[in-house]
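The values are calculated or read from the model by the stated rules, or taken from the named source; none is laboratory data. The model shown is predicted, which means the values in this text are computed figures rather than measured ones. Cβ: placed from backbone, ideal geometry, glycine included. Neighbour counts: every protein chain shown. When the accessible area is computed, the model is the full protein with side chains, heavy atoms only, and any ligands, DNA or RNA have been set aside. Shrake-Rupley method; radii C 1.70, N 1.55, O 1.52, S 1.80 Å.
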Amino acid sequence: MYPLRRNRRLRANASIRSLVRENSITPNDFLVPLFVVEGKGVKDEIPSMPNYYRFSLDTLQAEVKLLWSLGLKAVLLFVKVDDNLKDNRGTEALNPNGLMQRAIKTIKNTCPDMLVMTDVALDPYSIYGHDGIIENGKIVNDTTVDVLAEMSVSHAEAGANFVAPSDMMDGRILSIREALEDHGFTNTGIMSYSAKYASSFYGPFRDALDSAPAAKDHIPKDKKTYQMDYANRFEALRETEMDIDEGADLVMVKPGLAYLDIIREVKNEFDVPVAAYQVSGEYAMIKAASEKGWLDHDQVMLETTMAFKRAGADSIASYFAKDVVKLLG
Ligand code: PBG
């Protein structure tokens, strides 16, 4: 006789499938990345990220209200900085009246319970498009970390709930934690981009912020001296462990889909919440293939979102957040 076990019984119809489904997607799963620019009435589509926009502070208010109405409760802020404000040291990042600081206040005034997380790295402020300060053609660690700590305090002063260092300098979590504590921001959290790989999937994001590493003489053209080598797995665990020891409340793996193995390992190894970042290039690939009619956009979007949950992500930073939540109704 055929085996007593027939696995297809649990797949026979939609009702039984939903009964035994192991993972689900809800609005609670998402962090929504937002790109902010100067100006008024701006809602500027990013060419390599179809249906994704840069917002000025006024249009940002409407967007944040919309997100909140959809049940999306956390945003991850990035700013596009005017060229004339860029330098090597990221001076503008510390401006209490800078675009990031105003964006934080705008969101907090519009939607006080929206969780505001801010990107902490120098690249949008750097004339070289690097996450740190450059001296003699090298990205210097400790001087950069001092600026990142000040930047974090500045974001906390403006009202950020969490700072999200995405720079991969050594020791920055400890310095940021100490600086926040010293300034009385004991409740400001840190979401660390702990295992962030030197990836070619960040291209569209760098278009969005005009922040690609400069093609200038004696300046590194990639971020491989600070972001991780994508051949490595154990290194991700080491990085994550150090960040947790230094005071990270949440840790992140980035990019997403090509690194599901790392998400699972981090989830199994540590007991802090793990976020995954489905990055700009992942978004662009799905958009481009579905524009050509080669993929079913909505179904692929849901499938990849579920993949992050299955891999163990507690939250997902995704440009699809709004679309997924709308689709699920
Ligand atoms: C900046 C930063 C990057 C991303 C998030 N923060 C780009 C980079 O490191 O070059 C990429 C996000 C994306 O591609 O969606 N430090």
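All of (1) within 13 Å of the ligand (Cβ to nearest atom); (2) open to solvent by 10 Å² or more (accessible area, probe 1.4 Å); (3) over 24 Å from Arg54 (Cα atoms) hold for Met285 with one exception: (3).
Within the range 180-212, the set of residues being surrounded by 22 or more Cβ atoms within 10 Å (Cβ to Cβ), away from the ligand (no atom under 16 Å from the Cβ) and part of a helix (DSSP H, G or I) comprises just one member, Leu180. What about Ser290, is it polar (S, T, N, Q) and either within 16 Å of the ligand (Cβ to nearest atom) or open to solvent by 60 Å² or more (accessible area, probe 1.4 Å) (or both)? In short, no.
Looking across the range 168-178 at every residue that is in contact with a strand residue (DSSP E or B) (Cβ under 7 Å, 6 or more places away or on another chain) and not hydrophobic (A, V, I, L, M, F, W, C), the one that is surrounded by the most Cβ atoms within 10 Å (Cβ to Cβ) is identified as Arg172. Of all residue pairs spaced 6 or more apart or on separate chains, those with beta-carbon atoms under 7 Å, a first member in the range 78-102 that is within 22 Å of Val116 (Cβ to Cβ) and a second member that is at pLDDT below 95 and among the charged types (D, E, K, R) are Lys80/Asp210.
Give the residues of the range 219-242 that are near the ligand (Cβ under 10 Å from one of its atoms), open to solvent by less than 60 Å² (accessible area, probe 1.4 Å) and charged (D, E, K, R), sorted by residue number. Result: Lys223, single match. From the list Ala74, Ala93, Ala12, the lone residue that is farther than 20 Å from Val279 by Cα, away from the ligand (no atom under 15 Å from the Cβ) and at pLDDT 95 or above is Ala12.
Checking Gly137, Gly129, Gly41 one by one, the residue that is closer than 21 Å to Tyr226 by Cα and either more than 16 Å from the ligand (Cβ to nearest atom) or among the acidic types (Asp, Glu) (or both) is Gly137 and no other. Against the definition (surrounded by fewer than 16 Cβ atoms within 10 Å (Cβ to Cβ) and touching a residue at least 12 places away in the same chain (Cβ under 8 Å)), how does Glu303 come out, yes or no? Taking the combined requirement at face value, the residue does not satisfy it. Pairing each residue of the range 271-289 that is aromatic (Phe, Trp, Tyr) with any residue that is near the ligand (Cβ under 8 Å from one of its atoms) and part of a helix (DSSP H, G or I), provided the two are 6+ apart or on different chains, yields C-beta distances under 9 Å for Tyr283/Pro204.
For the range 270-291, the count of residues that are farther than 30 Å from Leu327 by Cα and out of contact with any Cys (no Cβ under 9 Å at 6 or more places or on another chain) is nonzero. Outside any strand (DSSP E or B), within 30 Å of Asn88 (Cα to Cα) and within 15 Å of the ligand (Cβ to nearest atom): does that describe Lys216? No, not satisfied.
With respect to the conditions (1) at pLDDT 95 or above; (2) among the aliphatic types (A, V, I, L, M); (3) touching a Phe, Trp or Tyr at 6+ places or on another chain (Cβ under 9 Å); (4) under 20 Å from Val79 (Cβ atoms), Ala208 falls short on a single one, namely (1). Could you tell me whether the range 112-121 includes any residue that is out of contact with any Cys (no Cβ under 6 Å at 6 or more places or on another chain) and free of Cβ contacts under 8 Å to residues at least 40 places away in the same chain? Checking the range 112-121: at least one residue is out of contact with any Cys (no Cβ under 6 Å at 6 or more places or on another chain) and free of Cβ contacts under 8 Å to residues at least 40 places away in the same chain.
Can you tell me how many residues within the range 138-167 are open to solvent by less than 30 Å² (accessible area, probe 1.4 Å) and of a type in the set (D, E, K, R)? Looking only at that region, the number is 1.
For the range 89-112, a residue qualifies if it is open to solvent by 10 Å² or more (accessible area, probe 1.4 Å) and assigned to a helix (DSSP H, G or I), and the qualifying residues are Thr91, Glu92, Leu94, Leu99, Arg102, Lys105, Thr106, Lys108, Asn109, Thr110. Please work out if Asp314 is touching a Pro at 6+ places or on another chain (Cβ under 9 Å), open to solvent by 10 Å² or more (accessible area, probe 1.4 Å), under 18 Å from Asp167 (Cα atoms) and not aliphatic (A, V, I, L, M). Here the answer is no, as Asp314 does not meet what is asked.
Please indicate, with yes or no, whether at least one residue in the range 113-127 is within 20 Å of the chain's Cα centre (by Cα), among the aromatic types (Phe, Trp, Tyr), closer than 25 Å to Ser69 by Cβ and modelled with pLDDT of 95 or more. Looking for residues that are within 20 Å of the chain's Cα centre (by Cα), among the aromatic types (Phe, Trp, Tyr), closer than 25 Å to Ser69 by Cβ and modelled with pLDDT of 95 or more, one finds none in the range 113-127, hence no.
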